[in-house]
Structure formats: C-alpha cells, structure tokens
Amino acid sequence: MHSTQPLLRSAPVVTAAALALGLAAGPAAAGPGIAVKAIGTTVSVTTSACTQVDGGWGTASLLSSGQTSFAQGRRIALAGTTVSQSAAWQSVPPGTYTVIVVCANNITAGTQSVTVSAAAAPAVPATSAPSRGVAGGLGGAARDYGPLTLAVGGTLVGLALIATGWVLRRRSRPYQL
C-alpha cells in the first residue's frame, strides 16, 4: 500500500508535465479541414470547415515567429463557396509562420505552421534556344524557309550528288597509261 501512494501523488505532476511538453511543441501539424502551402513568397490556406454567417466565412491570420495571438497577425477575410474557402498572402518574407483560421461563428477551423523559403534567382540560359522548343524533322527545324531558300538548297544538294557520282566513277576506272 505504501508503494502505490507516491505514484498517486506524482500522477498530477506527470500529467501537467506532459501537457506542458505538448503545448511547447507548437501548433498541431494541421487542423481539421485546413491546408496551408507556400509557393514562392505566397502563402495560401484552404478550408472547408467554415459556414457563412452574415455574408462572411471567417478570417485567416498569418503570424510570424514573434507573434502569439490571432489579432497580431496579418489578417485576411476568407472567400469562397460552401464547398471551399481560402485566403492568400502575397510577398511574404522568408521564415516560419503560423496560419490560424477562425470561422465567422468564432470556431477555430485549424492551425498549421508553414515555412517560406528564399526565392531562387532565375537561371539565365547560356545560349538562346527557340521559343517553342526543338522542332525536329525534315527541313526547317527552327524556322520556316521560303521557296527561294529551298530551291537554292535543293540545287546545292543536287550538285553535291552529281560531284559525288563523278568522283566515284573516276575512281572505279582502271588507270590507263
């Protein structure tokens, strides 16, 4: 009996410690019905958890690392339909952010963290390529040539064939002294 009593006394302490660790770990990975993504410097959130109240769906807030409450973040009204509501923030600097969505009926739809990466510099091509890619095939691979150019090219190919035939015929004859 004496061995179980210290265990019972420590149960509230262990529970409080576990709860504190869970809260310190940060917001949940994703709330019910909330999806957050960062593409370049744009952060967007989509949810299907909100219902329309007085013509509005709710508000989404983007919190930077130093901000702790919904009101401190960059707030934007949700827009959408009964199927899906969304919001987006443009020109977000690199860093880690928390997105919170509160529906118009004051119910939190979800919380999720998102990381915005620094935009990569656009690659400059070393050579200029055709704007529509490589156009392979017979003749005119990169542009459409007119009839004069094709006639001159055909004449040159014909002359080359005649010259090749003449050289091969001369080589096949035995030398006469």
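Every number in this text was worked out from the coordinates using simple rules, so none of it is lab data. For clarity, every value in this text was computed on a predicted model and none was experimentally measured. Cβ sites come from the backbone with ideal geometry, for glycine too, and all protein chains shown count toward neighbours.
Quick notes on this one:
- Fully extended contour minus Cα-Cα distance, from Ala79 to Ala151, at 0.36 nm per residue: 19.7 nm
- Förster-model FRET efficiency, 22 Å R0, Ile107 and Ser65, C-beta, rounded to 0.05: 0.30
- Inter-label distance, nm, simple model (7 Å from Cα along the C-beta direction), Thr164/Ala118: 5.7 nm
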